[in-house]
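Have a look at the structure below, then the notes.
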Amino acid sequence: MNYAVKAVDELFERVAEECNEHHNALQSLIRKMQEEGLEVQTARNADHYGALVHHLSLIRNKRCLMAYVYNRAEVIRDLAWKVGLLHELPCEIKEKFSDSEEQYFKDHSKSLKMYMSQLSLDVNVVVLSELPVELEVEKKYCNGVFSEDFGYKYNRAEIIRDLAWKVGLLHELPCEIKEKFSDSEEQYFKDHSKSLKMYMSQLSLDVNVDMVPPKDPYIKVRVLEGLGSGIILSDKSANFASHSMHFLKRTDAEQYIARGLMEELIS
C-alpha cells in the first residue's frame with residue numbers, strides 16, 4: 001500500500017477508535033444516571049453534561065470523517081469526466097487510492113459509461129461553458145450531437161449523482177423529482193446509488209447525515225406530511241401527525257428533513 005494511503009488509513013482508524021471511546025464513555029454515564037433513577041434527557045447534573053460532551057464529540061468526529069470521505073468521493077467520481085472512461089487511471093493518481101476508492105471509481109465509471117452510451121455522447125470530450133471565438137462558426141460535434149448538448153447532459157448527470165447524498169440511499173426518490181427524469185437518468189441514479197452504497201458500507205459511514213457538525217444534538221421540527229404513529233426512533237417511538245411539532249435528535253430527523261417531510265424550526 002502507498003505510504004500516503006496507509007497514513008490516511010491509520011489516521012482514519014485513530015479517529016474511529018476515538019469515536020468508540022466517546023461512545024463507551026457516553027453509555028457508561030447514561031447507565032450510571034439510570035441506576036441513580038435520573039431521567040437522562042431532563043437531569044442537569046455533571047454526568048448529564050459529561051455525556052453531552054461525549055455525544056457532541058462523537059457526532060462531530062463522525063461528520064468530519066463523513067466530510068472527508070464525501071470530498072474524496074467527489075474527486076473520484078469527477079475523474080471519470082477528466083481522465084475519460086476508456087483509459088486506465090494514471091499511476092500517480094491510482095497509488096493514492098485505497099482499494100475501496102479504486103473499486104468505487106470503476107463502479108461509477110461503468111454506470112456513467114452505460115448512461116452516456118444511451119445518449120450517444122462521448123464522455124472523453126472537453127466540456128466548455130463557452131466556445132472559443134475561433135469555434136463560433138464551426139462548432140464541433142460529438143457523435144453528431146452539439147457539444148452544448150453534452151454540457152447539458154453533463155450538468156444533469158452532476159445533479160443526479162448529487163441526489164444520492166441529498167436524498168439518501170435508503171429511500172425512493174420523491175415523485176416530484178422522479179417524474180422529471182428520463183428512463184436512462186433514473187437508471188443512472190440507481191446504478192450510482194448502488195456503487196456509492198457499497199463504498200460507504202466498507203467505511204461504516206451513514207451517507208444520510210448532515211455534512212455540517214451540529215451545535216445541538218436535539219432540534220425542533222414541524223411535520224409537513226403525516227407519517228402516522230408508531231415511528232421508531234433511536235430513543236423513542238412517536239406519532240408524526242401532519243403539522244405537529246417535535247423535539248427530536250438531529251440524527252433521527254435528518255432523513256425526514258432531506259425528503260421534505262419535516263422542516264427544522266429555528267428560533
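The values are calculated or read from the model by the stated rules, or taken from the named source; none is laboratory data. Predicted, not measured: the structure shown is a model, and the values here were computed from it. Note that we place each Cβ from the backbone using ideal geometry, even for glycine, and neighbour counts take in every protein chain shown.
Values as computed for the structure displayed
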read-out: Residue 226 assigned to a loop (DSSP other than H, G, I, E, B), in contact (Cβ under 8 Å) with a residue 40 or more places away in the chain and farther than 25 Å from residue 61 by Cα; value: no
read-out: Candidates 86, 131, 119 - the one that is among the hydrophobic types (A, V, I, L, M, F, W, C), modelled with pLDDT under 70, out of contact with any Phe, Trp or Tyr (no Cβ under 7 Å at 6 or more places or on another chain) and exposed (fewer than 12 other Cβ atoms within 10 Å of the Cβ); value: 86
read-out: Criterion (within 30 Å of residue 188 (Cβ to Cβ) and modelled with pLDDT of 80 or more) met by exactly one of 14, 63, 31, 77; value: 63
